[in-house]
Structures are given as structure tokens and as C-alpha cells.
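*Asks:* My structure is below; once you've seen it, I'll send some questions.
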Amino acid sequence: MMFSYFPYAAAFAVPEGAPSAIDPGLVGIGLVVAPFVFVALGFISGNPIAPRRVLQAMGLLIVLGFGLGLLSPVVGASAGFAMGGALTLNPPDVPGVYRTRMWAVALTVVYVFVLLLIAPPGGVFAGGVVPLILLGFADEYSCWRHSKTPA
């Protein structure tokens with residue numbers, strides 16, 4: 001995900017005092033590498049419907065990336081990768097895993113947005129790191145919660 005996210009985020013980075021300009025080459029690199037992220041997530045995790053989920057994830061990345069990208073391109077990209085990852089990863093065999101994953105996506109968006117307001121370089125870095133980590137935590141939490149329910 002880093003190879004796709006960071007060129008995209010760097011395309012919108014403007015040195016202080018310079019006029020704002022978007023580097024279309026870096027945006028293109030980020031969008032070209034993004035499908036490989038979802039292909040790797042889907043097929044390595046063993047999702048039986050990986051091809052369909054990869055296409056859905058790419059659509060969500062574009063919709064969320066451009067939709068929330070109006071707020072901030074970093075927030076849009078991290079939300080798109082989080083939502084795409086939530087769909088593409090093979091879910092554990094426990095009930096309620098998608099609900100927990102959606103909470104992880106929402107938490108990712110809020111965390112990255114707040115961090116961008118407080119410390120912009122940290123927010124840019126967190127936008128590339130946090131989405132998949134929180135999805136992993138969400139799956140672990142779902143499995144832990146399911147193991148604690150009485151049989």
C-alpha cells in the first residue's frame with residue numbers, strides 16, 4: 001500500500017511559499033499501483049471471491065478518494081484504502097466482522113483527519129500506515145469477542 005499511497009500523497013504536497021500545483025505523474029503512479037494492493041490483499045488472504053472484491057475495492061478507492069479528497073487528498077486516499085481493504089481481505093469465520101471493519105474504517109478517517117489538523121506530516125504518514133493496521137485489529141477484536149461468547 002505504501003508504494004501506491006505515498007506517491008499519491010506526495011503529488012499534493014506543496015513546499016511552503018510555493019504556489020499550489022498537483023503533480024499528475026505522481027497521481028498516476030499512485031492510481032496504477034493501487035490495484036496490485038487489492039489483488040495482493042484478496043488473493044494472499046485466500047478470499048474466494050477476490051476478483052469481484054478487487055473490482056469493488058478499486059471503485060470505492062476512486063469514489064472515496066475523490067469524494068473525501070475534496071476535504072483532503074490524504075483523508076480520501078486513506079479512507080479508500082481502508083474501505084477497499086475491508087472488502088478485499090478474506091473475513092474470519094465469525095459473525096459481525098464487517099461491522100467491526102466499518103468501525104475501523106470510520107476510526108481511520110477520523111484519526112487521520114484530526115492528525116492532519118494537529119501535525120500535518122504525522123497525518124500524511126498515518127494515512128498510509130493506519131488503514132490496514134486498524135483492519136487487522138478489527139479482525140482480531142472480532143475473533144476475540146466471538147471466543148468470549150458462551151456456547
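*Asks:* Give the calculated FRET efficiency between V63 and V94 to the nearest 0.05, with a Förster radius of 25 Å applied to their Cβ-Cβ distance.
*Replies:* Result of the calculation: an efficiency of 0.35.
*Asks:* Additional query: Please list, in order, the residues from the stretch 119-149 whose amide nitrogen is less than 20 Å from a point placed 7 Å along the Cα→Cβ vector of V14.
*Replies:* The answer is 119-125, whose backbone nitrogens lie closer than 20 Å to the label point.
*Asks:* In the chain, with Lys and Arg counted as +1 and Asp and Glu as -1 at Cβ, which of these residues, M2, P121, V63, has the Cα nearest the positive end of the dipole, that is, farthest along it?
*Replies:* Highest projection toward the positive end goes to V63.
*Asks:* Hey, can you list the DSSP H helices of the chain whose Cα span along the axis is 15 Å or longer and whose average Kyte-Doolittle score is at least 0.5?
*Replies:* Values: long enough: 24-44 (30 Å, 2.31); 50-67 (24 Å, 1.17); 73-88 (22 Å, 1.21); 97-118 (31 Å, 1.79); 120-148 (39 Å, 0.38).
Counting only whole DSSP H runs, the qualifying helices are 24-44, 50-67, 73-88, 97-118.
*Asks:* What Kirkwood hydrodynamic radius do you get for the chain when you take the inverse of the mean 1/r over all pairs of distinct Cα atoms, in Å?
*Replies:* With all distinct Cα pairs of the chain included, I get 15.8 Å.
*Asks:* Please report, in debye to the nearest 20, how large the charge dipole of the chain is about its Cα centre when each Lys and Arg carries +1 at its beta carbon and each Asp and Glu carries -1 there.
*Replies:* Using Cβ point charges on Lys, Arg, Asp and Glu, the chain gives about 440 debye.
*Asks:* A follow-up question, please. When a footprinting reagent is the concern and you count Cβ atoms within 10 Å, what order do D23, D93 take, fewest first?
*Replies:* D93, D23
*Asks:* If neighbour count is taken as other Cβ atoms inside 10 Å, put V112, V124 in order from fewest to most.
*Replies:* V124, V112
*Asks:* If packing is taken as the mean number of other Cβ atoms within 10 Å per residue, what is the order of 10-21, 62-73, 80-91, highest first?
*Replies:* Descending packing order for the listed peptides: 80-91, 62-73, 10-21.
Where a number appears in this text, it was derived from the coordinates with a stated rule and is not lab data. What you see is a predicted model, and the numbers here were worked out from it, not measured in a lab. Backbone-built Cβ (ideal geometry, glycine too); neighbour counts: all protein chains shown.
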